[in-house]
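Since the structure comes first, as structure tokens, the remarks are kept for the end.
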Amino acid sequence: MSRVSLGSRLAIIIVCCSLTAVVAVMSTAYRALNDDFQAILTGQQVYETRRISDKVSQSLQMRLALLEAFSTALTDGNNLLPTSKINELLARQNMLRDLFSNGLLVLDENVAAISEDIYVANRIGTNYADRAHFSEALQTRTSTISRPIIGRRTGHPLLSFVAPIESDEGDLLGFLSGSINLDETSLIPSEATQLSRRQQAEFLVIDTDNFLYVEAPELDAGIRPLPNPGENALVDAALSGISLGEVKGADGEQMIYATSHLQRLGWLFIRAVPKSLARAPATESFYQFFLFSLIIIVVVVPLGYIVTRSAMEPLNRMTRRILSMSAASGSTSRLEESGPPEVQNLASAFNKLLDERDAISQMKDDFVSNVSHELRTPLTSLNGALRLITSGTTGELPEKAATMSALALRNGERLQLLISDLLDFNKLKTGALQLTPETQPLEPFVSAAIQGNQSMARDHNVKLASHCSRGLAVHTDAHRLRQILDNFISNAIKFSPKGGQVSLGVTPADEGFVRLTVSDQGNGFPEDFQDRLFERFAQAEVGTTRASKGTGLGLAISRELTSLLGGRIGAYNDQGAHFWVEVPANQSAIRTGHESA
């Protein structure tokens with residue numbers, strides 16, 4: 001043994017330790033896998049119940065917002081409109097009628113019904129001040145949603161929405177109410193119940209105030225009372241206040257469940273799946289791990305012996321190489337920081353690099369998630385309100401106001417589209433985004449791109465210009481190509497001096513492509529930043545006011561879209577920044593374009 005080299009000794013020790021570790025891991029792997037898959041399954045139920053609860057809450061808020069918007073059309077600014085006029089307006093509300101299946105009701109300031117869009121015997125003249133949600137709206141003058149109630153005239157279980165009607169001076173003129181018949185209308189998204197069936201999950205919705213089923217597998221019509229205590233262990237466990245856990249199902253099988261409570265309705269969302277769903281993948285993964293371990297032992301043991309003996313000398317050199325990987329992507333695995341000092345240094349450097357990469361990646365993903373959550377919901381409400389205004393629901397607008405409202409709606413819809421594109425970024429990375437390429441001329445397309453960015457250019461005191469060789473056409477997805485150009489043009493405007501000019505030029509390129517170039521008269525981008533221009537969240541002037549105006553995602557999205565379009569993208573400095581994209585051309589149009597040029 002004394003004649004065996006240090007490398008050989010280390011190789012023998014590593015091989016022996018590896019075999020011992022494999023045996024030890026195999027003895028505990030099955031239990032660990034079971035625990036992991038059970039935790040994943042539990043987390044899925046928690047996520048689904050919260051997601052469905054949030055969807056229902058958003059649906060309620062959308063209905064209430066539309067009701068508030070329509071309430072402003074029922075007054076001339078000082079008084080309620082005449083009943084005949086109110087009836088005429090109610091008769092035109094097809095969209096609200098679809099959202100409020102039990103109809104719309106207009107009440108005076110004393111909460112007495114004066115007009116309805118669906119006739120119900122003896123409802124006109126009825127006073128609803130004794131209803132808790134009407135009383136709350138009367139006292140607070142804010143829009144409210146009731147808990148599930150029984151209709152006074154219809155006898156159906158209802159959800160009632162109330163929006164105050166006020167004068168321009170803030171005086172209370174009456175109320176606008178819409179209601180939903182819960183026997184006929186389900187607030188639960190259909191995809192939620194379909195997903196539950198596909199995943200063998202039991203999905204329940206319970207009204208905890210009245211102890212009723214709102215949604216259940218056996219519920220084919222209307223709302224039904226809950227079973228008596230002790231008859232359904234899942235319902236009893238959910239109502240006990242324990243938000244997640246395990247319970248024995250009706251067939252004796254152990255179930256994993258989670259709950260989410262929607263406070264404004266008093267509804268409890270329950271989702272449960274058989275615990276056996278966690279055992280099956282755990283067993284399969286265990287067998288795969290066992291076979292994989294055997295293969296590793298057979299392959300790695302001889303290789304490890306050879307490689308370890310030759311790995312002693314280059315350890316320090318490998319450490320320096322790993323430290324230099326700070327600007328490149330690496331493996332997501334971690335090295336065990338044990339063994340000789342050289343091995344510890346190598347593992348420490350490698351793990352430090354990966355920790356930094358993971359932290360940056362997580363920060364970027366969290367940013368995208370926050371943007372989607374914080375912007376989508378309010379923007380949907382704003383666009384909905386603008387559509388009502390521009391459609392004339394709130395009354396005829398002056399010409400200038402109508403023009404400005406239409407412009408605001410167009411920009412709002414465009415912003416919503418951009419947010420959707422932002423949320424589709426992961427689809428871009430995986431190639432799952434669907435495109436609809438078609439051949440089309442470029443002259444009108446370029447003109448539309450210039451026109452669409454004129455408002456921003458005026459705000460920055462920048463001129464826009466374009467030149468396009470006649471007859472050029474491309475075979476591409478127009479919407480995605482427009483998104484790329486909008487990113488280029490908006491960046492060019494932001495980094496142009498006041499009074500400068502941004503130009504969009506289109507020329508034929510080599511190999512059957514057409515090049516579209518956006519040029520500005522600014523200072524250009526730093527040359528040392530060129531390699532990172534098209535990376536996510538990268539900004540050349542971090543910390544400046546101009547850098548704070550963007551998310552740093554535009555050029556990254558443009559690069560991914562260009563790849564999907566089968567094109568090429570790039571940038572260079574020449575008395576300003578020039579960003580270009582090349583997309584496949586229509587061959588006959590390319591020949592025409594060359595001849596006319």
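Computed from the coordinates by the stated procedures, all read-outs in this text should not be read as laboratory data. Just so it is clear, the model here is predicted, and its values are computed rather than measured. Every residue, glycine as well, gets a Cβ built from its backbone with ideal geometry; the counts of neighbours run over all protein chains shown.
List of remarks:
- Placing +1 on the Cβ of every Lys and Arg and -1 on the Cβ of every Asp and Glu, with no other charges, gives region 71-130 a dipole of roughly 160 debye about its Cα centre.
- Proximal charge balance of TYR47 [Cβ under 12 Å; K/R count +1, D/E count -1]: +1
- Rounded if a/c under 1.5, otherwise prolate or oblate - region 75-181, Cα gyration tensor axes: oblate
- Placing +1 on the Cβ of every Lys and Arg and -1 on the Cβ of every Asp and Glu, with nothing else charged, gives region 472-521 a dipole about its Cα centre of roughly 240 debye.
- Here region 222-266 and region 449-485 have alpha carbon centers that stand 57 Å from each other.
- Debye equation applied to the C-alpha atoms of region 55-105, log10 I(q)/I(0) at 0.15, 0.21, 0.29 Å⁻¹: -0.45, -0.79, -1.19
- Net dipole in debye of region 85-169 [+1 Lys, Arg Cβ; -1 Asp, Glu Cβ; about Cα centre; nearest 20]: 420 debye
- Anisotropy class of region 48-133 from Cα gyration tensor, a/c 1.5 cut: prolate
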